[in-house]
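This report refers to the structure that appears directly beneath it.
The values are calculated or read from the model by the stated rules, or taken from the named source; none is laboratory data. All of these numbers come straight from a predicted model, not from anything done at the bench. For neighbour counting, all protein chains shown are included, and Cβ atoms are generated from backbone atoms with ideal geometry for every residue, glycine included. For accessibility, only protein heavy atoms count, side chains too; no ligands or nucleic acids. Shrake-Rupley method; radii C 1.70, N 1.55, O 1.52, S 1.80 Å.
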Amino acid sequence: MKTICRKIRTSVMGILCILAVLFTAMPPDSGYAKTAGVSSGEQKKIQKLIDSSIIHYIEGACNYPPKLEHFQFNKKIKTEIAFHNVKDHNAVFSQYSSDAALMEKYRPYGGVFRYTDTVRSAVRKKGKALFGDSFRISFAVGDGFSVFSNYPLSHDKKYILMNFADWGDWYAEHRYRIQKKDHIYTVNIRVSSFWGGAEDDVTVHQFHVDLKKKNGSFQITDIVFDG
C-alpha cells in the first residue's frame, strides 16, 4: 500500500513539474495579454458613444441593403455620419426645407438642408470629436436617387439632400461584444432587422467598429461591414 501511495505521489509531482515548465516557457503575449479585458468604465463609455453617435446610422444602412455594398469607411462616410449626428440640432435644422420647388429640382427623399457656414461648422466640430483632428469635410456629390450616399451634396453644392431612409414599420435591434487588442478597442455589432408583419423573416448583419483611447475618451478609427 505504501509503495502504491509513493508511486501516485511521484506521478502527481511529475505532472506538476511538467505543467510548471510549460507555463514558464509560454511567451507573455501568447494571445491572452493582447486580448486583455475592457474595464466596466471603458465599456460604458464605448457603448454610450456607439449608441449616441453610430448605431442609428448603421441600422439605417441595413434598412436599404444596396447601400451596404458601398459601405466603406472613408472621408465621405465620416462626413455623412458627422452630419447625421448634427442634422437635428437647432442651428442645423433651421437650414432644412421641404419647399415644393426644391423637392422638384433636387429630388431628395426627405428634403434639403442649405449648405451654409453654420452647417459646415457643426459638421466639422462633430467630425473631429468622433474621428480625430484629421477629419475633413468631404460630402459625396449626387442626386436624390443615389444609392451611394445618404446625404449627398447637390451638384451646384448649395444643398445637402436628405436620402436617409424612413424607417416606417421597419424594426432593428443590436447586440455588442467589446474586446481590446494592442490598444485598439473593437466593438462587434450584430444587427437583426425585419419588416412589420414579417417577424419570422429576420435579416442579420455583422459590423465592427474600431476605436482608440485619447485623453480619457474614444475616437473611431474604422467601421467595417462584415456581411
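A few notes on this one:
- Restricted to segment 137-146, and to residues there that are assigned to a loop (DSSP other than H, G, I, E, B) and not hydroxyl-bearing (Ser, Thr, Tyr), the residue that is most open to solvent (accessible area, probe 1.4 Å) is Phe145.
- In the set (1) over 24 Å from Leu68 (Cα atoms); (2) part of a helix (DSSP H, G or I), the condition left unmet by Lys157 is number (2).
- Ser149 fulfils the conditions (1) touching a Phe, Trp or Tyr at 6+ places or on another chain (Cβ under 9 Å); (2) in a strand (DSSP E or B) except for a single criterion, (2).
- Cβ pairs under 7 Å, 6+ apart, first in segment 98-110 and touching a residue at least 40 places away in the same chain (Cβ under 8 Å) and within 17 Å of Val141 (Cα to Cα), second of a type in the set (Ser, Thr, Tyr) and in a loop (DSSP other than H, G, I, E, B): Tyr106/Ser154
- Residues of segment 37-96 that turn out to be among the small types (Gly, Ala, Ser), in contact with a Leu (Cβ under 7 Å, 6 or more places away or on another chain) and closer than 20 Å to Tyr176 by Cβ, as a count: 2
- Among all positions in segment 169-177, there is no residue which is among the small types (Gly, Ala, Ser), in contact (Cβ under 8 Å) with a residue 40 or more places away in the chain and assigned to a loop (DSSP other than H, G, I, E, B).
- Residues of segment 39-53 that turn out to be touching a residue at least 60 places away in the same chain (Cβ under 8 Å) and charged (D, E, K, R), as a count: 2
This table checks each residue for (1) within 26 Å of the chain's Cα centre (by Cα); (2) closer than 16 Å to Ser154 by Cβ; (3) of a type in the set (Lys, Arg).
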residue: Lys76; (1), (2), (3): yes, yes, yes
residue: Asn85; (1), (2), (3): yes, no, no
residue: Ala101; (1), (2), (3): no, yes, no
residue: Phe113; (1), (2), (3): yes, yes, no
residue: Val119; (1), (2), (3): yes, yes, no
residue: Arg124; (1), (2), (3): yes, no, yes
residue: Leu130; (1), (2), (3): yes, no, no
residue: Ile137; (1), (2), (3): yes, yes, no
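- Tally of residues being in a strand (DSSP E or B), open to solvent by 80 Å² or more (accessible area, probe 1.4 Å) and over 17 Å from Pro65 (Cβ atoms) across segment 180-197: 1
Results for (1) charged (D, E, K, R); (2) in contact (Cβ under 8 Å) with a residue 12 or more places away in the chain; (3) more than 30 Å from His205 (Cα to Cα), shown as yes or no for each residue.
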{"site": "Val112", "(1), (2), (3)": "no, yes, no"}
{"site": "Tyr115", "(1), (2), (3)": "no, yes, yes"}
{"site": "Arg120", "(1), (2), (3)": "yes, yes, yes"}
{"site": "Gly132", "(1), (2), (3)": "no, yes, no"}
{"site": "Ile137", "(1), (2), (3)": "no, yes, no"}
{"site": "Ser149", "(1), (2), (3)": "no, yes, no"}
{"site": "Lys157", "(1), (2), (3)": "yes, yes, yes"}
